[in-house]
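Written out below as structure tokens is the structure these notes cover.
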Amino acid sequence: QVIATHRTPEPMPLDIEALLDEGRIHRVQLGPISETGCRSLADAEAGRSLDPAQHRRIVELSAGFPLFVRDLARVLLDGDDPIEHVHDVVERRLRALEPAERHVAQMIAVSEPIDRRLFAGDRAEVDGLMKRGIVRAVVGGRLRIDHPLYAVALVDELGPAVSLTHGGLIERAKAAPAPKPP
């Protein structure tokens, strides 16, 4: 038995979609988790039992969405800055990036999913972003930003420089080795 996750806005691989259409696999859509589930997930992410005030704040801000619960629990462990909204969590997580990591994350955000081979010279940055939970690998050796809010924040930071970032990615693509035939 296999359980796989799929973020709704992402395109599903055609072979998986075919299995779904044939009825060989089943889709289970998950909504927000319960307050008890939020507390348990936050405690698991924190590696300890959080106090009732922290639990209340996580439940309130996350609205039960597991990715928000996870990030809110991480932020509570990282510092004491006030958290008023989920975007505060996103900003804090991105603020901790080194300049080279931020640059790589922005390149991934403007063109995700993007072939990992374009970042062969940035292996340390990609690995660091993956360890921080900002970037993840998906099917086919592609990279994505782990959460849509991170991607939006990274692209927004670029402003008009988005076109320059696209230009840099085009240059990287020209220099990248050709994909190996299947």
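The values are calculated or read from the model by the stated rules, or taken from the named source; none is laboratory data. Small disclaimer: the values here were computed from a predicted structure and weren't measured. We place every Cβ from the backbone using ideal geometry, glycine too, and count neighbours over all the protein chains shown. Accessible surface areas use protein heavy atoms only, side chains included; no ligands, DNA or RNA. Shrake-Rupley method; radii C 1.70, N 1.55, O 1.52, S 1.80 Å.
Among rounded, prolate and oblate, which fits the chain when a ≥ b ≥ c are the square roots of the eigenvalues of its C-alpha gyration tensor, a/c under 1.5 means rounded, and a/b larger than b/c means prolate? Spell out each step's value before the answer.
Values: a/c = 2.30, a/b = 1.26, b/c = 1.83.
Oblate, since a/c reaches 1.5 and b/c is not below a/b.
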Give me the angle, in degrees from 0 to 90, between the Cα long axis of helix 52-62 and the longest principal axis of the Cα atoms of the chain, rounded to the nearest 10. 40 degrees
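Under the rule that an exposed site lies in a DSSP loop and has at most 16 other Cβ atoms within 10 Å, name the longest stretch of the chain with no GluC sites (Glu not before Pro) of that kind, not counting the sites themselves. Provide the component values of the computation, followed by the final result.
Values: sites that count: 22, 84.
The answer is 85-182.
Would you calculate a helix-derived [θ] at 222 nm for the chain, using -39,500 (n - 2.57) for each DSSP H run of n ≥ 4 and dividing by the full residue count, to the nearest 500?
It comes out at -17000 deg cm²/dmol, rounded to the nearest 500.
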How many nm is it between the label spots at residue 12 and residue 138, if each spot is 7 Å from the Cα in line with the beta carbon? 1.4 nm
Of the accessible area of region 117-182, computed with a 1.4 Å probe and all protein chains kept, carbon and sulfur make up a percent value of 63 percent
Segment residue 36-residue 67, length gained on full extension (0.36 nm per residue, minus Cα span): 9.6 nm
